[in-house]
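The values are calculated or read from the model by the stated rules, or taken from the named source; none is laboratory data. Being a predicted model, the structure only gives us computed values, none of them experimental. Here the Cβ positions follow ideal geometry from the backbone for every residue, glycine too, while neighbour counts run over all protein chains shown. Note: accessible area is taken over every heavy atom of the protein model, side chains too, but ligands, DNA and RNA are not part of it. Shrake-Rupley method; radii C 1.70, N 1.55, O 1.52, S 1.80 Å.
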Amino acid sequence: MKKIYIGALSLVAVLTLAACGSSNGETESSSSADKTDKVIKVASQAPPMTDVVKVAAEVAKEDGWEVELVQVNDNVAYNDMVSSKEADASFAQHKPFMEKYNSEKGTDLVAIQPIYDAKVGFYSKDYKTVEEIPAGTKVAIPNDVSNEGRALAILEEQGLIKLKDGVGVNGTVKDVVENPKNFEWLQVDLLNLAEAYSEPNVSLVYNYPTYIAKIGLKPADALFLEQTIDQRFSIQLVAREDNKDSEKIQALKKAMTSDKVRSFLENDHSDTLVPAF
């Protein structure tokens with residue numbers, strides 16, 4: 001009986017130790033999961049967008065969140081990462097560009113919050129006034145539909161062309177019904193438009209502050225800028241349909257619309273953009 005009693009005690013001890021070990025393992029696993037769940041991955045492409053994410057990360061940290069910036073090199077990767085769930089959100093585009101991606105890829109990206117409006121317009125290396133622009137010259141515009149229409153609408157604002165009635169910012173070169181200066185359209189990928197500035201016989205180049213900065217220019221150097229802000233073109237925080245209401249995305253939205261981000265936009269980038277929240 002004594003041996004049986006000792007054996008029973010030993011068994012209880014082993015089971016107790018095993019249970020303790022299991023409990024510790026679960027605690028460690030749970031702790032690890034909690035920590036992972038507090039990481040928000042945000043894909044972005046270039047300053048000042050990446051800078052905004054970094055400022056928002058400082059704010060989110062105060063609420064216990066870690067915002068991890070994933071910087072990419074083109075205008076497709078950040079959407080690919082969010083749609084494939086490699087990232088929780090992106091901050092790099094306006095809503096029409098996102099919608100174009102959804103249409104082409106069959107994805108369900110969602111615009112969550114406009115953050116800022118970039119000061120976009122046309123630059124010229126050769127001319128100081130609209131009146132000086134010669135006939136038959138080349139005009140460089142984006143080759144993607146969402147940005148092409150915006151560029152053409154700005155030219156119409158200046159009285160340089162006329163678009164079909166009602167097309168607005170959705171127009172293409174096929175919708176140009178009046179072209180009195182007989183412009184030749186040079187359609188270029190948005191990331192390469194800055195290089196068109198130095199091309200011969202290119203009198204006008206459309207661009208964003210982010211990309212024109214590569215050649216040392218800023219909105220103040222533009223021949224003319226967009227006159228009316230259209231928040232469809234605000235640079236947006238973007239997520240997916242399945243996570244748009246999640247705690248992570250709500251925490252990120254809160255951080256990106258914080259006073260600290262607004263102050264950063266107004267004080268550090270007032271020459272290139274306008275806060276949209």
Revision key, fill the gap. Exactly one of TYR116, TYR78 is at pLDDT 95 or above and over 21 Å from LEU193 (Cα atoms), and that one is TYR116
Review point. When you go through LYS61, LYS85, LYS100 one by one, which is the residue that is of a type in the set (Lys, Arg), touching a strand residue (DSSP E or B) at 6+ places or on another chain (Cβ under 8 Å) and part of a helix (DSSP H, G or I)?
Key: LYS61
Review point. Within the stretch 64-75, is there a residue that is open to solvent by less than 70 Å² (accessible area, probe 1.4 Å) and at pLDDT below 95?
Key: yes
Check your understanding: Residues in the stretch 201-209: is at least one more than 18 Å from ILE133 (Cβ to Cβ) and within 30 Å of the chain's Cα centre (by Cα)?
Key -> yes
Practice item. Would you mind stating whether TYR127 is outside any helix (DSSP H, G or I) and open to solvent by less than 30 Å² (accessible area, probe 1.4 Å)? Key: no
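Per-residue answers, yes or no, for (1) free of Cβ contacts under 8 Å to residues at least 60 places away in the same chain; (2) farther than 21 Å from VAL139 by Cα; (3) among the aliphatic types (A, V, I, L, M):
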site: TYR208; (1), (2), (3): no, no, no
site: LEU217; (1), (2), (3): no, no, yes
site: ASN243; (1), (2), (3): no, yes, no
site: GLN250; (1), (2), (3): yes, yes, no
site: GLU266; (1), (2), (3): yes, yes, no
site: LEU273; (1), (2), (3): no, yes, yes
site: ALA276; (1), (2), (3): no, yes, yes
Revision key, fill the gap. Note on LEU163: of the conditions (1) of a type outside the set (Val, Ile, Thr); (2) crowded, with 20+ Cβ neighbours inside 10 Å; (3) within 27 Å of PRO275 (Cα to Cα); (4) in contact with a Gly (Cβ under 6 Å, 6 or more places away or on another chain), unmet is (3)
Point to revise | Which numbered condition ASN170 fails, given (1) surrounded by 16 or more Cβ atoms within 10 Å (Cβ to Cβ); (2) under 30 Å from ILE40 (Cα atoms); (3) modelled with pLDDT under 95 | key: (2)
